[in-house]
Amino acid sequence: MIYTEENIKSGQVLLIDKPLTWSSFQAVNKIKWAIKKKFGFKKIKVGHAGTLDPLATGLLIICTGKFTKRISDLQGQIKEYTGTITLGATRPSYDMETEIDNTFSIDHITSEKIQDTTKQFIGEIDQYPPVFSALKKDGKRLYEFAREGIEVEIKSRKITIEAFEITAINLPEVEFRVVCSKGTYIRSLAHDFGKALDSGAYLSTLRRTKIGDFNVDNAITPDAFTDMLLP
């Protein structure tokens with residue numbers, strides 16, 4: 001697509017493939033910087049429709065101009081993720097951000113048990129967000145409490161898992177595809193999945209592949225967008 005000063009200012013939906021270790025904020029800033037440099041804007045509204053953790057890759061929808069008003073609608077759409085759950089251990093963050101704190105046997109876990117256990121998570125379920133998350137309690141991020149070693153009460157919330165499909169099993173790793181509602185923490189799903197298997201588990205890789213009708217196959221990296229805009 002050819003981006004012009006007029007269509008960027010009036011509003012665009014940009015599909016960005018967020019690289020590993022980048023924060024969503026970094027991706028937005030890179031796009032915003034490229035747009036301002038290309039068109040000489042002093043100000044331009046740029047925002048994303050749903051955060052992705054630095055350890056996740058994949059689809060990040062970025063809106064410019066008047067399209068930033070659509071962000072809340074886009075955030076509410078169904079999302080699809082693929083990734084890997086590693087069984088037999090837990091981490092406090094439920095992902096690779098923190099070190100392993102406990103190990104568990106996986107000798108009793110069979111392919112059949114793995115497939116059967118996914119059924120427990122289909123539909124509307126109660127989920128507890130990870131203690132290492134950006135949710136706020138008393139004006140403070142949960143991860144700040146967690147890093148200080150302070151225990152806080154976290155309330156569960158209703159989320160919906162439309163599909164939880166195991167795509168490959170190579171123990172201790174299990175590959176999956178999940179279709180879920182807004183507010184779902186795949187890290188928590190991985191942790192709870194380990195518990196349901198009478199073991200432990202953490203999320204070792206994650207990629208967001210779809211948001212509503214938008215697909216990561218049509219997305220480009222922040223660097224590719226910058227190169228296209230600033231030849």
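The table that follows gives values for the structure above.
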{"item": "Identity of the residue in region 76-117, surrounded by fewer than 17 Cβ atoms within 10 Å (Cβ to Cβ) and among the charged types (D, E, K, R), that ends up farthest from the chain's Cα centre (by Cα)", "result": "Asp107"}
{"item": "Complete set of residues in region 27-71 that are of a type in the set (S, T, N, Q) and open to solvent by less than 60 Å² (accessible area, probe 1.4 Å)", "result": "Thr57, Thr64, Thr68"}
{"item": "Where a residue in region 91-116 is closer than 21 Å to Ile186 by Cα and its partner, wherever it lies, is part of a loop (DSSP other than H, G, I, E, B) and of a type in the set (Val, Ile, Thr), with Cβ under 9 Å and at least six apart", "result": "Arg91/Thr98; Arg91/Ile100; Pro92/Thr98; Pro92/Val131; Ser93/Val131; Tyr94/Val131"}
{"item": "Residues being surrounded by fewer than 17 Cβ atoms within 10 Å (Cβ to Cβ) and either of a type in the set (A, V, I, L, M, F, W, C) or at pLDDT below 95 (or both) - total across region 164-175", "result": "4"}
{"item": "Strands (runs of 3 or more DSSP E) fully within region 2-111 counting 1 or more residues that are out of contact with any helix residue (DSSP H, G or I) (no Cβ under 8 Å at 6 or more places or on another chain)", "result": "57-64, 79-87"}
{"item": "Residue match in region 208-228 (condition: closer than 14 Å to Leu87 by Cα, part of a strand (DSSP E or B), open to solvent by 10 Å² or more (accessible area, probe 1.4 Å) and of a type in the set (Phe, Trp, Tyr))", "result": "no"}
{"item": "Count of residues meeting criterion [crowded, with 18+ Cβ neighbours inside 10 Å, closer than 20 Å to Thr57 by Cα and not aliphatic (A, V, I, L, M)] in region 176-203", "result": "8"}
{"item": "Residues (open to solvent by 40 Å² or more (accessible area, probe 1.4 Å), outside any helix (DSSP H, G or I) and modelled with pLDDT of 95 or more) located in region 118-134", "result": "Ile122, Glu124, Asp126"}
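The values are calculated or read from the model by the stated rules, or taken from the named source; none is laboratory data. Bear in mind the structure is a predicted one, so any value in this text is a computation, not a measurement. Reconstructed Cβ throughout: ideal geometry from the backbone, glycine too, with neighbour counts over all protein chains shown. Just so you know, the surface numbers come from the protein's heavy atoms only, side chains and all, with ligands and any DNA or RNA stripped out. Shrake-Rupley method; radii C 1.70, N 1.55, O 1.52, S 1.80 Å.
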